[in-house]
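Single-structure report; data block below.
Here, each number is a calculation from the coordinates, and none is a lab measurement. Quick caveat: nothing in here was measured; it's all calculated off a predicted structure. All Cβ positions, even for glycine, are placed from backbone atoms using ideal geometry, and neighbour counts span all protein chains on display.
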Amino acid sequence: MTVVALKPYRFAPQDTVEKFPAPLLYVAWEDHLMFPAPFCLPVPPHTPFGALAAQILPGIYGYHPDFAKIDWNHVQWLKSGKAFQPDNAKTLAENGIGHKDLIRFRTPGLAGISGS
């Protein structure tokens, strides 16, 4: 059911980037129902994209049995629902990733525990 506001909202957003120690990044691993929603992480914009897989994601997803099997050269990335080919050497900001963006990654051949 669609909802339509009868009057425009007239207030300043309370979740702007200035109010956080680092911009927020939402990250989700597709087809892995052990993690039903994206994680919200404070990640500085100068962080290299490659640091996500090497340093940040292991602390979040590392206890899943599929994580150690990921071939990062074949991961499919999505940004805001669209295919996205990041440059691992460039920063998040240089890859066009900003405050409250959603990054999803798909791991071909790995579809959750026993395909669930």
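Counting pairs of alpha carbon atoms under 8 Å apart in space and at least six apart in sequence, what relative contact order in percent does the chain give?
Value for the chain: 35 percent.
Quick one: how many lysine pairs in the chain have C-alpha atoms under 29 angstrom apart, if they're 8 or more apart or on different chains?
15
Residue by residue through region 15-27, what is 3J(HN,Hα) from phi via Karplus (6.51 cos²θ - 1.76 cosθ + 1.60, θ = phi - 60°)? Round to whole Hz and write x for glycine and proline.
Each residue of region 15-27 in turn: 10, 6, 4, 5, 8, 10, x, 8, x, 8, 10, 8, 10 Hz.
Under the Kirkwood approximation applied to all pairs of distinct alpha-carbon atoms, what is the hydrodynamic radius of the chain in Å?
15.7 Å
Can you tell me which of 19-27, 82-90 comes out highest on packing, and rank the rest after it, using the mean Cβ neighbours within 10 Å?
19-27, 82-90
Provide Asp31, Asp15 in ascending order of the number of other Cβ atoms located within 10 Å of each residue's Cβ, fewest first.
Ordered from fewest to most neighbouring Cβ atoms within 10 Å, Asp31, Asp15 come out as Asp15, Asp31.
Along the positive direction of the dipole of the chain (beta-carbon charges: Lys, Arg +1; Asp, Glu -1; about the Cα centre), which of Leu102, Pro86, His46 reaches farthest?
The one lying farthest along the dipole's positive direction is Leu102.
How large is ³J(HN,Hα), in whole Hz, for each residue of region 86-92 in order, when computed from phi with the Karplus curve 6.51 cos²θ - 1.76 cosθ + 1.60 and θ = phi - 60°, using x for Gly and Pro?
My calculation for region 86-92 gives x, 9, 4, 7, 8, 6, 4 Hz in order.
What ranking do Phe35, Phe49 get, fewest neighbouring Cβ atoms within 10 angstrom at the top?
Ranked by crowding around the Cβ, least crowded first: Phe35, Phe49.
Which whole-Hz couplings ³J(HN,Hα) result when phi for each residue of region 73-78 is put into the Karplus expression 6.51 cos²θ - 1.76 cosθ + 1.60, θ = phi - 60°, listed in order with x for Gly and Pro?
6, 10, 5, 9, 9, 10
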